[in-house]
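Colleague: Sharing a structure below in structure tokens format, with a few things to ask.
Read the figures in this text as sums done on the coordinates, not as results from a lab. Keep in mind the model is a prediction, meaning the values are calculated, not measured. Here the Cβ positions follow ideal geometry from the backbone for every residue, glycine too, while neighbour counts run over all protein chains shown.
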Amino acid sequence: MLRIENLSAWYGEAQVLRDAGLHVDPGEVVTLVGRNGAGKSTLLRCVMGLHPGWRGSVELDGTALGNLSADRRARRGLGWVPDDRGSYATLTVTENLTLPPTVGPDPWSLERVYEAFPALYQRRNSAATTLSGGEQQMLALARVLRMGARVLLCDEPTEGLAPLLVQQVGDLLREAKRHGVTVLLVEQNLRFATSVADRHYLLAEGRVTAAMENSEVRSRERELLSYLGI
Amino acid sequence: MTAFLQSTFNGLVSGAFYALLALGLAVIFGMLRVVNFAHGAFYMLGAFGAYVLLAEAGVPFWVALAVVPLALALLGMALERAFIHRLTRLDPLYNFLLTFGLTLILQDLVKLRYGVQSSPYEVPAGLRGSVDFGLFDFPTYRVFILGFAVAVCVGVWWALARTRVGMVVRAATERPELTRALGINVGRWITPVFGFGIALAGLAGVLAAPMRAVNPLMGADLIIVVFAVVVIGGLGSIFGSVAAGFGIGMVQAWAEAYLSAFPIVAQTIVFIVMAAVLLWRPAGLFGRAEAPA
């Protein structure tokens, strides 16, 4: 479904990604694990078409995305959940949800979103940035599901969240997966990653250095932790 | 009391011009991340457009009020397509060079044709005389300007707050990159929004023609204060630019009325306020630190 090959990226002179490659099959949840600065967020930005200095190949459903703009990539079914949650201060919660066009065959309705997240319904007319961190995270995830995105690119959705909210994010991703949504997840919370993912890629110094099935995590935990610098 | 009310009213009228100009600058900056130094030149072109239409073709004020902003919007859109859009991802210095260069070209073109002398423009027939407010009389045309500018600002607010296009503009103004990543073709809106911002400058220019001296440098004199207004309101903040426009207009008028013993303070009050606001809130009264995406 999503295939990345020989992806390199730069910030000015500094190379952040070095021939990175990975693939995510339909309906899979795959995590990208690595230390801060390993290039995880940059990889997601390259896939989304938001990073200007890059080289390599990104394919969605067998079609190279090439220099396709970010909005066109979104319309092909990519849904970006940025690490800062991407809430608009000048838009209400409802406007945040209804801003994007629907791009996939199975978009969540506004009613379904509010049914799943009563807290968002209660604050539907408030500016999105007045929500708590956890509510903003739910809003960001709900927004791409409402778009009907087929592939979610989630950048550390559990960062800074209380354990109960981390669990809610996990439940939401599992439900999305049940409905056939594919997820590429950047995550440093190994416990969370193993609770939702089918496979993991390890990224170090801009390279994908290892891949493992979720079932292998227990036996290779030390290797994983070393990639995270723990 | 009468003097205070009169200076407040005068301040609101000056503020109406600041608000219209700052609103255009804020919308353009928000969407394009371009500080349009040529905005004052378009204001001047608005006034000259009304003057030329009347002097050379007998076109009345009311027609000019509709036609000139539209014509300037088209000119602005053409300039955006030809030049401004090339500034994307370039050093902001190029933004300054290009728009400042445009200002000089537009000013000099007008100077070549009409000289540097101020040209008179009569107050339209229906708006002459004054309105009796009980405690004081106030020129009818100034009352009209205030009402018209407030109506335009409310109309723009309504369009931004209540329409789908307004929602997209607000989103793209606040976080252009994120908005693109959510499937919205922000680029499609850039040229019309630039044209709209220029139309507001042109509208302010037409309104100014009967009240202020129409000359090639009228925009250059005003735009410095308008930039201070935009900074005080918060760069890119649509509400902030309007609120700061009216606020600064009043502060200036009060300073002129009550600080006449300290002319230096009265003349520089806008910049004193700007410095104080920036020390207190570096992003301006209604601005926010730049979002990352």
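Colleague: Could you tell me what percent of the DSSP beta bridges with both partners in the protein assembly as shown are antiparallel, to the nearest 5?
Modeller: Working: 26 of 43 bridges.
If I count the DSSP bridges inside the protein assembly as shown, around 60 percent turn out antiparallel.
Colleague: Relative to the compact globular guide of 2.2 N^0.38 Å, what is the alpha carbon radius of gyration of the stretch B:13-216, as a ratio? Mind dumping the intermediate values first?
Modeller: Numbers: Rg = 18.0 Å, N = 204, 2.2 N^0.38 = 16.6 Å.
Working it through for the stretch B:13-216, the quotient is 1.08.
Colleague: Mind checking the mean number of beta-carbon atoms from other chains within 10 Å of the Cβ atoms in B:161-170? The partial results should precede the final answer.
Modeller: Values: counts 2, 0, 0, 3, 0, 1, 8, 1, 1, 6.
The per-residue average across the peptide is 2.
Colleague: Follow-up question, since we're still on this one. Can you tell me the convex hull volume per residue for the stretch A:5-79, based on C-alpha atoms, in Å³ to the nearest whole number? Walk me through the intermediate numbers first.
Modeller: Details: hull volume 6.9 nm³, N = 75.
Value for the stretch A:5-79: 92 Å³ per residue.
Colleague: Then there is this: Pop out the ³J(HN,Hα) list for the stretch A:193-202 in order, Karplus 6.51 cos²θ - 1.76 cosθ + 1.60 with θ = phi - 60°, rounded to Hz; leave Gly and Pro as x.
Modeller: Rounded to whole hertz, the list is 4, 6, 7, 10, 8, 8, 9, 9, 10, 9.
Colleague: In addition: With angles folded into 0 to 90 degrees, how steeply does helix A:163-178 sit against the dominant principal axis of chain A? Use alpha carbons for both and round to 10.
Modeller: The two axes meet at around 80 degrees.
Colleague: Report the percentage of all Cα-Cα pairs in the stretch A:154-230 whose separation exceeds 13 Å, rounded to a whole percent. Mind dumping the intermediate values first?
Modeller: Details: 2001 of 2926 pairs.
Value for the stretch A:154-230: 68 percent of Cα pairs lie more than 13 Å apart.
Colleague: When the Cα centres of the stretch A:180-228 and the stretch A:1-61 are compared, how far apart do they sit, in Å?
Modeller: Each part reduced to its Cα centre gives a spacing of 15 Å.
Colleague: While we're on this one: What number, in nm² with one decimal, is the all-direction average of the projected area of the convex hull of the alpha-carbon atoms of chain A?
Modeller: Details: hull surface 47.4 nm².
With the hull built on Cα positions only, its mean projection is 11.8 nm².
Colleague: Can you tell me the 0 to 90 degree angle between the C-alpha axis of helix A:133-147 and the longest principal axis of chain A, rounded to 10?
Modeller: Helix A:133-147 sits roughly 90 degrees off the main axis of chain A.
Colleague: Per residue of A:76-82, how many C-beta atoms from partner chains lie within 10 Å of its own C-beta, taken as a mean?
Modeller: 3
Colleague: Also, I was wondering about something else. How high is the relative contact order of the stretch B:191-248, in percent, with contacts defined as C-alpha pairs under 8 Å that are six or more residues apart? Mind dumping the intermediate values first?
Modeller: Details: 23 pairs, mean separation 10.8, N = 58.
With pairs under 8 Å counted, the relative contact order is 19 percent.
Colleague: Moving on to the next point. Hey, in the GNM for chain A with a 10 angstrom Cα cutoff, which one of A:ALA89, A:ALA64, A:ALA14 fluctuates hardest?
Modeller: Ranking A:ALA89, A:ALA64, A:ALA14 by mean-square fluctuation puts A:ALA14 first.
Colleague: Over the stretch A:17-77, what is the relative contact order in percent, taking alpha-carbon pairs closer than 8 angstrom and at least six residues apart? Please report the intermediate quantities before stating the final value.
Modeller: Details: 31 pairs, mean separation 14.5, N = 61.
In percent, rounded to a whole number, it is 24.
Colleague: What Kirkwood Rh does the stretch B:158-293 have if only Cα atoms enter the pairwise 1/r average? Answer in Å.
Modeller: Numbers: mean 1/r = 0.0589 Å⁻¹.
With all distinct Cα pairs of the stretch B:158-293 included, I get 17.0 Å.
Colleague: May I pose another question? How high is the FRET efficiency between A:SER69 and B:VAL143 when r is their beta carbon distance and R₀ equals 45 Å, given to the nearest 0.05?
Modeller: On the way: r = 49 Å, r/R0 = 1.08.
Once the sixth-power term is evaluated, E becomes 0.40.
Colleague: Follow-up question, since we're still on this one. At a Förster distance of 41 Å, what's the computed FRET efficiency of B:VAL59 paired with A:ARG35, Cβ-Cβ distance as r, to 0.05? Provide the component values of the computation, followed by the final result.
Modeller: Details: r = 68 Å, r/R0 = 1.67.
Efficiency computed from Cβ-Cβ geometry: 0.05.
Colleague: Using Cα pairs closer than 8 Å and at least 6 residues apart in sequence, work out the relative contact order for chain A, in percent. Present the calculation step by step, with values, prior to reporting the outcome.
Modeller: Details: 448 pairs, mean separation 65.6, N = 230.
Normalised by residue count, the contact order of chain A is 29 percent.
Colleague: So between B:PHE262 and B:LEU74, what do we pick up on full extension, going 0.36 nm a residue minus the alpha carbon distance? List each step's numbers first, then the result.
Modeller: Values: separation 188, 0.36 × 188 = 67.68 nm, distance 4.46 nm.
Result: 63.2 nm gained on full extension.
Colleague: Which of the trypsin sites (Lys or Arg not before Pro) found in the stretch A:185-230 are loop residues per DSSP with 10 or fewer other Cβ atoms within 10 Å of their Cβ?
Modeller: On the way: sites: A:ARG191, A:ARG199, A:ARG207, A:ARG218, A:ARG220, A:ARG222; in loops: A:ARG218, A:ARG220.
Those satisfying the criteria are A:ARG218.
Colleague: For the stretch A:110-176 and the stretch B:196-234, what is the centre-to-centre distance using only Cα atoms, to the nearest Å?
Modeller: Centre-to-centre distance over Cα atoms comes out at 44 Å.
Colleague: Give the span of the stretch A:98-160's Cα atoms along each principal axis, as three whole-Å numbers ordered largest to smallest.
Modeller: The Cα atoms of the stretch A:98-160 stretch 31, 26, 18 Å along the principal axes, largest first.
Colleague: Something else: Just counting partner chain Cβ atoms within 10 Å, what average do the residues of peptide A:96-103 show around their Cβ? Don't jump to the answer; show the numbers that get you there.
Modeller: Numbers: counts 3, 0, 2, 11, 6, 4, 1, 2.
Per residue, the number of nearby Cβ atoms from other chains is 4 on average.
Colleague: Please work out whether the stretch B:1-131 counts as rounded, prolate or oblate from its C-alpha gyration tensor, where a ≥ b ≥ c are the square roots of the eigenvalues and a/c under 1.5 means rounded, while otherwise a/b larger than b/c means prolate and anything else oblate? Intermediate results must be reported in sequence, preceding the final value.
Modeller: Details: a/c = 2.20, a/b = 1.42, b/c = 1.55.
Oblate, because a/c is 1.5 or more while a/b does not exceed b/c.
Colleague: Then there's this: Once you've got the GNM for chain A with C-alpha springs shorter than 10 Å, pick whichever of A:SER215, A:SER126, A:SER41 has the biggest mean-square fluctuation.
Modeller: Comparing A:SER215, A:SER126, A:SER41 in the GNM, the peak value goes to A:SER215.
Colleague: On to the next question. Once Rh is set to the Kirkwood radius over Cα pairs, what Stokes-Einstein translational diffusion coefficient, in µm²/s, holds for the protein assembly as shown at a temperature of 20 °C and a viscosity of 1.002 mPa s?
Modeller: Values: Rh = 25.6 Å.
D = 84 µm²/s.
Colleague: Once the piece of chain linking A:ARG55 and A:ARG18 is laid out straight, how much longer is it, given 0.36 nm per residue of separation minus the C-alpha distance between them?
Modeller: On the way: separation 37, 0.36 × 37 = 13.32 nm, distance 0.95 nm.
Using 0.36 nm per residue and subtracting the Cα-Cα distance, I get 12.4 nm.
Colleague: Which order, highest average first, do A:90-96, B:149-155 follow once you tally other Cβ atoms within 10 Å for each residue and take the mean per peptide? Don't skip to the end; give the middle numbers.
Modeller: Working: A:90-96: 22.3, B:149-155: 16.1.
Result, highest mean first: A:90-96, B:149-155.
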